[in-house]
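Q: I have a structure here, written as structure tokens, and I will follow up with some questions on it.
Only the coordinates and a few stated rules stand behind these numbers; no lab work does. From a predicted model like this one, the values you see are computed outputs, not experimental measurements. For neighbour counting, all protein chains shown are included, and Cβ atoms are generated from backbone atoms with ideal geometry for every residue, glycine included.
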Amino acid sequence: MFDNLSLKLDRAFKTLKGTGKITEINVASTVKEIRRALIDADVNYKVAKEVTDTIRNEALGRDVLISVSPGQLLVKITQEELTKLMGGSKVDIKLSGDPAVILIAGLQGSGKTTFTGKLGSLLKRQGRQVLLVACDIYRPAAIDQLKVLGEQIGVEVYAEPENKNALQIANNAIAYAKKTGKKTVVVDTAGRLAVDDQMMKEIEELKKALNPSETLFVVDSMTGQDAVNTAKTFDERLNFDGVVLTKLDGDTRGGAAISIRHVVNKPIKFISTGEKMENLDVFHPDRMAQRILGMGDVISLVERAQQSFDEDEAKRINAKIRQNNFNFDDFLSQLEQVKKMGNIKDLMGMIPGMGKAMKGLDIDDDSFKPIEAIIRSMTPKERQQPDIIDGRRRKRIADGSGRTIVEVNNLMKQFDDMRKLMKQMNKMGGAKQAMSRMM
Ligand code: GDP
């Protein structure tokens, strides 16, 4: 996400390095670079001009403290301005009414159905009783798709595959929700490939009849300026409450994220960064600005981890580490947990400074496959007692997993190093405890 933009902005700030003062002359060229980087990232020209003008004025109006360089100050100002541009602070969705209804709108392929599932999963985790409603009557596959997602996340899906009247389905669904005590209803609607009058009428009608407490417009961020234009058209007809930006994991230039709020004047509420149910983040303008500037987003990373990690499993593994008992089964279980958090490259990008280091590196979930194959070729006994794996067993494991003996040896070495480190940490922890007891 934003790899290119981050890189270009970084270069722009570097041009200011070394100079001790911000002056009209040295700031002008940097600001020009920033503007070019934003426009290249598909930010609307007018928006890019406005924001860079503000950055310049702010920069000239501020004293450079001795402790920061002009470049650092400009990074800070840019971060502040990007944050403001994207809305300042996060805006939550409104959930009121019994049941609270959330209406999902957007073009076909924007990621509506996927998002409906993700939102259902999020609301469920917050302890709500949720019902998902399949009102995408034109795309029969959408109903099945939502059903599959519902099963996966353990949330009920209401559908009437034979019924071609979206309004009727939605009304029946609400009656059903009331009957079954579901307090939150998320309605997935039909989209078209392009804005189309009949689609708009249908969704307008749905909105009028259902009176949702929240209407969310889902848009594919990879469509760049079109995303902004589509948002405008939908907003004129629907007066939606918030935007969901999807596919920010792709090769997107990210401009939509930056300019949509400014142009439509509606807050972005969620961003989606992958096809998995876990790949959903609440949108925080300040964190996003930090991410754009390559400063990472550790807070979102931690939140993602908290959501994905199974606490009991973490406790169990912790105990095993403390007993110097960590084995390949535990290792495999840890791998599974990490994979649940989402795309590895994306996760690494949330770590400050990593974004740049990762550029050009090709990491995907498949990177774990060789390791997994090797571990899965071990017998249960070998996984639990790695020490018994001798040369003969290594050869058998290599043959069984289709990997080379060198790869098996490397993994064994890494695993050994890891266990040594764990032992050392245990010892240090023990020593620390002993010390504090003596004190
Ligand atoms: P709908 O027609 O609006 O309901 O769109 P879908 O939910 O069916 O999504 C269209 C395609 O985009 C599907 O293949 C999804 O798996 C994919 N998709 C949805 N959200 C994301 C995302 O955030 N990132 C990526 N890479 N793919 C996504």
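Q: When the chain is fully extended, how far beyond the present Cα-Cα distance does GLU275 get from LEU60, taking 0.36 nm per residue of separation?
A: Working: separation 215, 0.36 × 215 = 77.40 nm, distance 4.40 nm.
Length gained, GLU275 through LEU60: 73.0 nm.
Q: Magnitude of the Cβ-charge dipole of the stretch 197-275, K/R +1 and D/E -1, about the Cα centre, nearest 20 debye?
A: For this selection, approximately 260 debye.
Q: Identify all aspartates and glutamates with a Cα-Cα distance to LYS201 below 19 Å; exclude those on the same chain that are fewer than 8 residues away in sequence.
A: ASP136, ASP188, GLU214, ASP235, GLU236, ASP241
Q: Can you compute the FRET efficiency between ARG128 and GLU311 using 1/(1 + (r/R0)^6), with r the Cβ-Cβ distance and R0 = 30 Å? Round to the nearest 0.05.
A: Efficiency for this residue pair is about 0.90.
Q: Give me the dipole magnitude in Debye, nearest 20, for the chain about the Cα centre, with unit charges on the beta carbon: positive for Lys and Arg, negative for Asp and Glu.
A: On the way: 69 positive and 60 negative charges, 309 e Å.
Dipole about the Cα centre, nearest 20: 1480 debye.
Q: Towards the positive end of the charge dipole of the chain, with charges on Cβ (+1 Lys, Arg; -1 Asp, Glu), say which of ILE405, ALA105, GLN290 has the farthest Cα.
A: After comparing all options, I get ILE405.
Q: Could you tell me whether the stretch 46-187 comes out rounded, prolate or oblate from its Cα gyration tensor? Rule is a ≥ b ≥ c as square roots of the eigenvalues, rounded for a/c under 1.5, then prolate if a/b exceeds b/c, otherwise oblate.
A: Verdict is prolate for the stretch 46-187.
Q: Once the piece of chain linking ASP399 and LYS208 is laid out straight, how much longer is it, given 0.36 nm per residue of separation minus the C-alpha distance between them? Before the final figure, lay out the partial values.
A: Values: separation 191, 0.36 × 191 = 68.76 nm, distance 6.40 nm.
That pair, ASP399 and LYS208, stretches by 62.4 nm at full extension.
Q: Could you work out the helix-only [θ] at 222 nm for the chain, with each DSSP H run of four or more residues adding -39,500 (n - 2.57) and the total divided by the number of residues, to the nearest 500 deg cm²/dmol?
A: Per the formula, -18500 deg cm²/dmol.
Q: What FRET efficiency do you get for ARG36 and VAL148 if R0 is 51 Å and r is their Cβ-Cβ distance, rounded to the nearest 0.05?
A: 0.70
Q: Take ASP329 and GLN198, extend 7 Å from each Cα along the Cα→Cβ direction, and tell me the distance between the two endpoints in nm.
A: Going from the ASP329 label point to the GLN198 one covers 5.9 nm.
Q: While we're looking at this one, here's another question. For the chain, what relative contact order do you get, as a whole percent, if you take Cα pairs closer than 8 Å and at least 6 residues apart?
A: Values: 691 pairs, mean separation 72.3, N = 439.
In percent, rounded to a whole number, it is 16.
Q: Select from LEU132, VAL155, LEU119 the residue farthest towards the positive end of the dipole of the stretch 116-164; place +1 on Cβ of Lys and Arg, -1 on Cβ of Asp and Glu, and compute about the Cα centre.
A: LEU119
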